[in-house]
Amino acid sequence: MIAQLLLTAMLFAILLYAQTTYRQAPIIGFLSVVAACWGLYFVWIPAHASRLAELVGIGRGVDLILYTWVMISLIMLLNLHLKLRSQLELITLLARKIAIADANDQLASLSAEPGGGQPAEG
Amino acid sequence: MAAYNEAPVIAGVVADTKAAADRVVVVDDGSSDATADSAAAAGAIVIRHPVNLGQGAALQTAIDFALAHGADVIVTFDADGQHRASDIAGLVEALARDGADFALGSRFLGGTINLPPNRRLLLRAATWFTRATTGLSITDSHNGLRAMTRRGASRIHLRQNRMAHASEILHQIAASGLKYVETPVTIQYTAYSLRKGQTLVDAILIILDLFARRLHR
């Protein structure tokens with residue numbers, strides 16, 4: 001019973017995580033919800049987990065729950081990767097702004113010099 | 001043009017392209033060698049990324065800069081010396097002649113020099129994949145030599161920083177609904193450019209990048 005409550009709390013945490021993720025990565029949010037609901041179902045109806053585990057050749061219902069956790073971990077890993085990509089996009093925008101501002105400053109100072117360069121057009 | 005550690009060749013490439021274009025803009029993508037100084041000495045306007053971000057990011061920086069400075073036509077050009085500056089006129093003419101917003105260089109309509117058979121196979125596979133995913137009727141999907149009008153360039157917003165930008169730009173061209181044409185160009189492979197070129201592993205990573213991009217907003 002203690003294990004069931006503990007797993008339930010963790011799976012509810014996954015559901016919360018799914019909700020916060022949904023806006024940025026809908027597919028990750030959806031997969032997290034499916035995996036967490038799947039986990040909750042098997043935690044509270046272990047007989048079904050055992051039956052399904054036998055059917056798919058896993059052996060024990062508890063292994064099926066473990067596999068569900070592995071699946072959830074992989075989904076979260078994928079989400080972390082996507083978040084890193086988003087961060088990189090922000091860094092890119094920032095770096096681009098700095099680079100273009102520097103180039104504009106350089107062009108402005110060049111054209112301010114007597115006989116200096118012309119502004120760029122492409 | 002986007003350049004990363006191209007010091008051995010960039011001055012020659014800039015000198016060639018200067019003869020064919022009003023302005024040459026080089027985005028030095030965080031090079032650790034003298035790329036930026038060589039390009040500037042050869043007469044290019046140099047924009048320096050503070051860190052290495054990738055060719056796609058550098059091209060978008062160049063496009064944003066050119067648009068901000070009132071460019072009417074923008075030509076993207078590889079910095080490794082495999083493109084010919086003499087092809088630029090053909091691309092720009094094609095825009096005007098056909099009323100298109102994008103003129104895409106095609107080595108398979110034009111010519112290749114020293115193209116290894118395995119690279120040819122990889123390029124054919126990439127073209128097939130791009131045709132299937134974008135619906136564009138093109139013969140060369142990963143050619144960095146292309147021209148675009150101001151209107152076309154303003155529809156390009158590359159978010160693929162690395163090599164997948166070549167596919168992303170075609171997706172955005174298809175999504176824009178603007179007219180595109182293909183123009184024959186010649187690509188000359190050298191030992192230098194081949195060393196910097198893409199491999200089968202890169203092609204797989206490009207597909208994964210394109211897939212990952214679709215998973216988040």
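Descriptive notes on the structure:
- Whole-Hz couplings from phi, Karplus 6.51/-1.76/1.60, listed for the range B:184-196; x for Gly and Pro: x, 9, 10, 10, 10, 7, 10, 4, 5, 5, 5, 4, 8
- Chain B: most fluctuating residue of B:L59, B:L205, B:L170 per GNM, C-alpha cutoff 10 Å: B:L205
- Report summary: the helix-based calculation at 222 nm, which adds -39500 (n - 2.57) for every DSSP H run with n ≥ 4 and divides by the residues of chain B, gives -13000 deg cm²/dmol.
- Summarising the amide proton neighbourhood of B:I47: residues at separation of 5 or more, or on other chains, whose placed amide H is nearer than 5 Å comprise B:V26, B:V27, B:D28.
- Zone residues, the range B:22-57, relative to B:V201, backbone N less than 18 Å from point 7 Å out along Cα-to-Cβ: none
- Rounded to the nearest 20 debye, dipole of the protein assembly as shown from Cβ charges on Lys, Arg, Asp, Glu: 1100
- Amide H contacts of B:I187: B:G111, B:T112, B:I113, each under 5 Å away and 5 or more positions distant or on a separate chain (H built 1.01 Å from N in the peptide plane; Pro and chain starts excluded).
- Sequence-separation-based contact order of chain B, relative, with Cα cut under 8 Å and 6+ spacing, percent: 24
- Cα-based radius of gyration of chain B once divided by 2.2 N^0.38 Å, which approximates compact folds: 0.94
- Among A:L31, A:L90, A:L40, residue whose mean-square fluctuation peaks in a GNM of chain A (springs only between Cα atoms under 10 Å): A:L90
- Listed residues B:A7, B:A62, B:A100: farthest to the positive end of the dipole of the protein assembly as shown (Cβ charges): B:A100
- Taking all C-alpha pairs of the protein assembly as shown, those more than 25 Å from each other amount to 59 percent.
- Whole-Å semi-axes of the range A:2-82's equivalent ellipsoid (Cα gyration tensor): 24, 14, 9
- Structure remark: mean-square fluctuation, Gaussian network model of chain A, C-alpha springs under 10 Å; the largest value among A:I28, A:I45, A:I72 belongs to A:I45.
- Partners for B:K18 among lysines (Cα-Cα distance below 26 Å; same-chain residues under 8 apart left out): A:K97, B:K196
- Cα-projected label distance for B:A19 with A:S111, points at 7 Å along beta-carbon direction, nm: 2.9
- Alpha-carbon Rg/Rh ratio, for the range B:133-217, with Rh computed the Kirkwood way: 0.97
- FRET efficiency, B:L178 to A:W44 (Cβ-Cβ, R0 56 Å, nearest 0.05): 0.50
- 5 Å binning of all Cα-Cα separations within the range B:20-69, expressed as whole percents from 0 upward: 5, 23, 31, 25, 14, 3
- Between the range A:78-114 and the range A:1-33, the C-alpha centres lie 37 angstrom from each other.
- Relative frequency of Cα-Cα separations exceeding 20 Å in the range B:70-159, percent: 39
- Averaged over residues, the count of other Cβ atoms within 10 Å places the peptides B:174-181, A:95-102 in the sequence A:95-102, B:174-181, highest first.
- The range A:1-117 - percent relative contact order, Cα under 8 Å, separation 6 or more: 17
- Each of B:F129, B:F65 was scored by other Cβ atoms within 10 Å of its Cβ. Arranged with the fewest first, they read B:F129, B:F65.
No value in this document is a laboratory result; all are computed from the given coordinates. In this text the structure is predicted, and so the values were computed from the model without any measurement. Virtual Cβ from ideal backbone geometry, glycine too; neighbours counted across all protein chains shown.
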